[in-house]
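Asks: The structure's right below; bear with me while I get my questions together.
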Amino acid sequence: MVASRETYGTEFETQDLLLNVGPQHPSTHGVFRMVLQVDGEVVKDVIPHIGYLHRGAEKLCETMDFRQGIGFMDRTEYLAAFNAELSYVMAVEALADIEVPERAQWIRMILCELNRLSSHFMFMGAFGIDVGVFATPFIYAWKEREQILDLFEEVAGDRMMYAYFRPGGLAWDVPHNFKARVREVLKSTRIGINDFDGLLTKDEIFRTRTQGVGVISAEEAIEWGMSGPSIRASGVPMDVRKDEPYLFYDQIDFNVASRTEGDVYARYSCRMEEMWESVRIIEQCLEKMPDYGPIMPEKMPRMLRTPPGEVYIRTEAPRGEYGIYMVSQGGNRPYRLKVRSACLSNLQALKDMSVNQYVADAIIVLGSIDIVLSEVDR
Amino acid sequence: MNGIARSMLTTLSTFMRKPVTRDYPVVHKELPKTDRAFPLLLWDHEIDEPFCTGCHACERACPVECMTVLMKDNPNHKSLGGDSSRRKIIDKFWIDYGRCMRCNICVEVCNFEAIAMNNTWTGHETSVYDRRDLTMDLQQLLSQSRAGKINEWVPVIGQANEDPAAVKAE
């Protein structure tokens, strides 16, 4: 409605504006487009458009045998590829009824937790930029993440796309100085987390910018199917590692970080606490992990075939529950593969979180659910 | 104000630490032997021919179909008066580095240990102006191993580290 002299009376009759954000917007963490309906500076509606990064990884995996699929699982969640691989190989192991040697499981646990650390560092850096603390935390995060990626390169050979977990165990053994290297990395990581604590957590400007923004209640979060730190910040202490322990998480003493506020700051501080917990988990793993031992069952077939069946395996990835639903009709490839990615479910709550907030806050709400678009679109 | 002061202090304290960056194009980081860049073919220095017999195993196992392999009869075979035991040998081999996703599967399925992932810096610095230049032919794939400039490492899948104490006891 265009304002005319007749309507220009006692109050302004303004028209809502549709504001396009993305898909190439720097703060959307990938190619994500959202159309904001704004009234002045206030967001009234959010229309998300996903699918710019859709590569059909699930469908591709149906044409590939179980080993070939691992590489594609890496690419569904590139910031925490070990966690994505883990779900996939665990699903194959459950279908084919393979028992994984103890040492391989400990190594998997350590690598997954390190990957959680590196992913959360990435979050801290990118979130800092979203909030407006320009490059300092990002470069700090990059520095710490680099140490972890260097370790991954020594172990798995690649810095992001590892293809290191195999159905049955690990592709090859870790280097002889693995434990010493992990301890070395943890030492620098502890300093790094402390730096972030000092830089952001107590900062008054950061707190006023993030506290009370993008609040979502526990009921709403559950209804949207959120998971991971995003739901734990709303007061639902849901953690697959605790609720349905896989690997050896039942032998490890750790706390589930949770907050009750449900705002952006809670999601941030939840991740901060989780990083300390990860460090604790890795330390305990290092003590319990045997130095030598098999990493694969003795008799693994050259080409793995599974009996018919279906299985759903879920693990706790840095962004939440990463599940693999796999149907096999016998043979060497899955009949159907479905990835339940945490980011897609978390993203659905974006509208609830950012309506009646300012435009600038909608950006940090999006940042606070730590979105990886390759996981949303797959 | 305490929080802001603490942030400033954190930034100040990092001035005291050593720099973690490298002068990259000048200083290259030492790569671990496990490092994976792109696949290369290996050269058999004893008989002076490639290890690869063109058996298509890697081509079939490649998830992204980036390889093309053609084989031929080996003119250097024993029956023809040569000194090689390979009846067939690689004729033409192309790998499209633009498609390769460096998953290491070709190395694992190879029966002759004829292919390995490049773990030197040449594998990481492969920028070209035209993406067609990323398709490597047999000569390009072999040249690095032929010159002995590869830190050869072919992993055995599922093999665990040997316990030095147990080896000594035996």
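The values are calculated or read from the model by the stated rules, or taken from the named source; none is laboratory data. Everything numeric here is computed off the predicted structure, so don't read it as measured data. In this analysis, Cβ positions are derived from the backbone assuming ideal geometry, glycine residues included, and neighbour counts consider all displayed protein chains. Heads up: the accessible areas ignore ligands, DNA and RNA and are worked out on the full protein's heavy atoms, side chains in. Shrake-Rupley method; radii C 1.70, N 1.55, O 1.52, S 1.80 Å.
Asks: Can we say A:Asp291 is touching a residue at least 24 places away in the same chain (Cβ under 8 Å) and either touching a strand residue (DSSP E or B) at 6+ places or on another chain (Cβ under 6 Å) or away from chain B (no Cβ under 14 Å) (or both)?
Replies: It is false that A:Asp291 is touching a residue at least 24 places away in the same chain (Cβ under 8 Å) and either touching a strand residue (DSSP E or B) at 6+ places or on another chain (Cβ under 6 Å) or away from chain B (no Cβ under 14 Å) (or both).
Asks: Looking at region A:155-241, what helices (runs of 4 or more DSSP H) fall wholly within it and have at least 1 residues that are open to solvent by 10 Å² or more (accessible area, probe 1.4 Å), more than 19 Å from A:Ser87 (Cα to Cα) and within 13 Å of another protein chain (Cβ to nearest Cβ)?
Replies: In region A:155-241, A:178-196, A:204-210 are the helices (runs of 4 or more DSSP H) which contain 1 or more residues that are open to solvent by 10 Å² or more (accessible area, probe 1.4 Å), more than 19 Å from A:Ser87 (Cα to Cα) and within 13 Å of another protein chain (Cβ to nearest Cβ).
Asks: Of all residues in region A:92-109, which are in a helix (DSSP H, G or I), in contact with a helix residue (DSSP H, G or I) (Cβ under 7 Å, 6 or more places away or on another chain) and surrounded by fewer than 24 Cβ atoms within 10 Å (Cβ to Cβ)?
Replies: A:Trp106, the sole residue that qualifies.
Asks: Select from region A:60-89 the residues that are among the hydroxyl-bearing types (Ser, Thr, Tyr) and open to solvent by 10 Å² or more (accessible area, probe 1.4 Å) and write down the one among them that is farthest from the other protein chains (Cβ to nearest Cβ).
Replies: A:Tyr78
Asks: Against the definition (under 23 Å from B:Asp35 (Cβ atoms) and either among the aromatic types (Phe, Trp, Tyr) or more than 11 Å from every other protein chain (Cβ to nearest Cβ) (or both)), how does B:Trp153 come out, yes or no?
Replies: Judged against the criteria, B:Trp153 is a match.
Asks: May I pose another question? Which residues, counting only those in region A:353-368, are open to solvent by 10 Å² or more (accessible area, probe 1.4 Å) and touching a Ser or Thr at 6+ places or on another chain (Cβ under 9 Å)?
Replies: A:Asp361, A:Ile363
Asks: Still on this structure, I have one more. Say we look at region A:95-116 and pick out the residues that are touching a Ser or Thr at 6+ places or on another chain (Cβ under 9 Å) and either among the β-branched types (Val, Ile, Thr) or closer than 29 Å to B:Ala57 by Cα (or both); which of these is nearest to the other protein chains (Cβ to nearest Cβ)?
Replies: The qualifying residue nearest to the other protein chains (Cβ to nearest Cβ) is A:Ala96.
Asks: Suppose the filter is at pLDDT below 90, part of a helix (DSSP H, G or I) and over 20 Å from the mean Cα position of the chain (by Cα); does A:Leu79 pass it?
Replies: no
Asks: Looking at region B:42-65, is at least one residue touching an Asp or Glu at 6+ places or on another chain (Cβ under 7 Å), more than 9 Å from every other protein chain (Cβ to nearest Cβ), in contact (Cβ under 8 Å) with a residue 12 or more places away in the chain and not hydrophobic (A, V, I, L, M, F, W, C)?
Replies: yes
Here is a yes/no grid of residues against (1) under 24 Å from A:Pro137 (Cα atoms); (2) within 21 Å of the chain's Cα centre (by Cα); (3) not small (Gly, Ala, Ser):
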{"site": "A:Pro229", "(1), (2), (3)": "yes, yes, yes"}
{"site": "A:Thr260", "(1), (2), (3)": "no, yes, yes"}
{"site": "A:Cys270", "(1), (2), (3)": "yes, yes, yes"}
{"site": "A:Glu277", "(1), (2), (3)": "yes, yes, yes"}
{"site": "A:Cys285", "(1), (2), (3)": "no, no, yes"}
{"site": "A:Met289", "(1), (2), (3)": "no, no, yes"}
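Asks: Could you check region A:46-56 and list, in sequence order, the residues that are in a strand (DSSP E or B) and exposed (fewer than 15 other Cβ atoms within 10 Å of the Cβ)?
Replies: A:Ile47, A:His49
Asks: Return a yes/no flag: does region A:321-344 have any residue that is in a helix (DSSP H, G or I), closer than 28 Å to A:Pro48 by Cβ, in contact (Cβ under 8 Å) with a residue 24 or more places away in the chain and open to solvent by 10 Å² or more (accessible area, probe 1.4 Å).
Replies: Yes - at least one qualifying residue is present in region A:321-344.
Asks: Tell me the residue from A:Asp250, A:Asp352 that is within 30 Å of A:Lys179 (Cα to Cα) and among the charged types (D, E, K, R), please.
Replies: When all the criteria are applied, what remains is A:Asp250.
Asks: Being farther than 30 Å from A:Leu286 by Cβ and under 17 Å from the mean Cα position of the chain (by Cα) narrows it down to one residue among A:Val240, A:Val264; which is it?
Replies: A:Val264
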